[in-house]
Amino acid sequence: MSERSSSGRPVWPLALAHGLNDGYGAFLAALLPLLIGRFGMSLAAAGFLSSFRSAVASFGQLPLGAAVDRVGARWLLVLGPALTCTAMSLLGILPSYGATAAALVAAGIGTAAFHPAGASLVSGAAGRRGIAMALFSAGGTLGASLGPLLVAGVAGGLGLPLTPLLLLPAWAVVLLVARTAPRSPPPEGRERARLHRHPNARQVLRLWSIGVLREFVSMSYATFLAVLWTRRGAPLAVASLALTVYSLSGVVGDLLGGRLSDRFGRKRVILGSVAGALPLFYLFLLTQGWLSFLFLALAGATLIASIPVSVVFGQELVPEQRGLVSGVLMGLAWGIGSLLLGLVGYLGDRLGLEVALGILTALLVPAALLAAGLKEPSPARVGD
């Protein structure tokens, strides 16, 4: 990875840290069946465990993103994955439900600290911010895809109590990141206007609204994809493959979207992403077999392409508050989107899952209308 960050250092340490943080953060899904058996949990109690980490990881990005702008990003960049990986590696030996919940809250804090810090450091790759942010985003997407396989291999092959062995590779990578990650510039002394009073606040609000709609649609498919395929009569192995295809297609989307946005502009890529994904999702719902897999991969890559581009766009609109803007466009958008997932299940119970997903996919129409009203920042603002 030859792209470079604001300090002239390569982006690969940031992408590596992102993959580590999100990969270890994804351990819970693979360990949940074992934890249910160990603690005798109900499905509701198991669901709350996931909610603890997700809520803290999402909404915690706002205050921690503001902290990045005030005290610098580098220490949070290292502390975040260290906390996430330590907490998640210990899940196999924790003695109670309460201890497990506390560890997941700690992991959520680590994730909330890492994302705005990492995105803030990536943002300064002059002239190539889109592909730099795309590499950073792709690292996280790839890590989240592979993390469950890693912990399942350890817990399934060696036993649940041996998950702490995963601390060794995690801390080795954390130390590598600490040595190689770019240093954050000192916090600027100039007074910052509150974000809602910023001249570009309405543009940031548009980006956030697009993000909420996009994340709601994307997470709805990711959450219910396996259920949809099994209800179509596919075996569980095929349903799991569909999840992998959808997840890994996001890596392609990250890289493609970032590269195209550097060449053609942020607005065009965001608009093309949300508008182009709409027919592809419907084609996925209307087809069967391998053709359906193809449309699923294309839809996932197309929709995810706008995520890193949106973050770069927001940072270019408000360059003096990159950490806070990153927290708003990533954490707050993801958090609000995840809170709406219960609606998908409700509609699925009433109307059928394919109909429910078809209705929710239509939310990409207002997302595209919002994207059409975006305005590129002036070159002077981009260069700040």
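The values are calculated or read from the model by the stated rules, or taken from the named source; none is laboratory data. Source: prediction; values computed, not measured. Here the Cβ positions follow ideal geometry from the backbone for every residue, glycine too, while neighbour counts run over all protein chains shown.
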Regarding region 288-301, can at least one residue be identified that is among the hydrophobic types (A, V, I, L, M, F, W, C), assigned by TED's automatic domain parsing to the domain that holds residue 210 and within 29 Å of residue 68 (Cβ to Cβ)?
no
Collect the residues in region 165-183 that are in contact with a helix residue (DSSP H, G or I) (Cβ under 6 Å, 6 or more places away or on another chain) and over 28 Å from residue 152 (Cβ atoms), keeping them in residue-number order.
178, 180, 181, 182, 183
Considering only residues that are under 18 Å from residue 72 (Cα atoms) and either in contact with a Lys or Arg (Cβ under 9 Å, 6 or more places away or on another chain) or not polar (S, T, N, Q) (or both), which ones fall in region 317-355?
318, 319, 320, 321, 322, 323, 324, 325, 327, 328
Taking only region 149-170 into account, find how many residues are buried (at least 21 other Cβ atoms within 10 Å of the Cβ), farther than 25 Å from residue 75 by Cβ and not β-branched (Val, Ile, Thr).
1
Only one of these is out of contact with any strand residue (DSSP E or B) (no Cβ under 9 Å at 6 or more places or on another chain) and either surrounded by fewer than 24 Cβ atoms within 10 Å (Cβ to Cβ) or closer than 17 Å to residue 182 by Cβ (or both): 91, 76. Name it.
76
For region 324-343, state whether one or more residues are touching a Pro at 6+ places or on another chain (Cβ under 6 Å), of a type in the set (A, V, I, L, M) and within 20 Å of residue 269 (Cβ to Cβ).
no
Checking 102, 106, 113, 82 in turn, the sole residue that is assigned by TED's automatic domain parsing to the domain that holds residue 29 and within 30 Å of residue 269 (Cβ to Cβ) turns out to be 113
When region 39-87 is examined, which residues are found to be small (Gly, Ala, Ser) and within 21 Å of residue 140 (Cα to Cα)?
50, 51, 54, 55, 57, 58, 60, 65, 73, 80, 82, 87
Just to be sure before I move on: is residue 297 hydrophobic (A, V, I, L, M, F, W, C), within 21 Å of the chain's Cα centre (by Cα) and closer than 22 Å to residue 353 by Cα in the structure I sent?
yes
Considering each of 227, 217, 204, 274 in turn, give the residue that is hydrophobic (A, V, I, L, M, F, W, C), touching a His at 6+ places or on another chain (Cβ under 9 Å) and in contact (Cβ under 8 Å) with a residue 12 or more places away in the chain.
204
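Residue by residue, here is whether (1) part of a helix (DSSP H, G or I); (2) over 23 Å from residue 283 (Cβ atoms); (3) not small (Gly, Ala, Ser) holds:
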| position | (1), (2), (3) |
| --- | --- |
| 310 | yes, yes, no |
| 330 | yes, yes, yes |
| 346 | yes, yes, yes |
| 355 | yes, no, yes |
For region 253-303, what are the residues that are in contact with an Asp or Glu (Cβ under 8 Å, 6 or more places away or on another chain) and either of a type in the set (A, V, I, L, M, F, W, C) or surrounded by fewer than 19 Cβ atoms within 10 Å (Cβ to Cβ) (or both)?
265, 267, 285
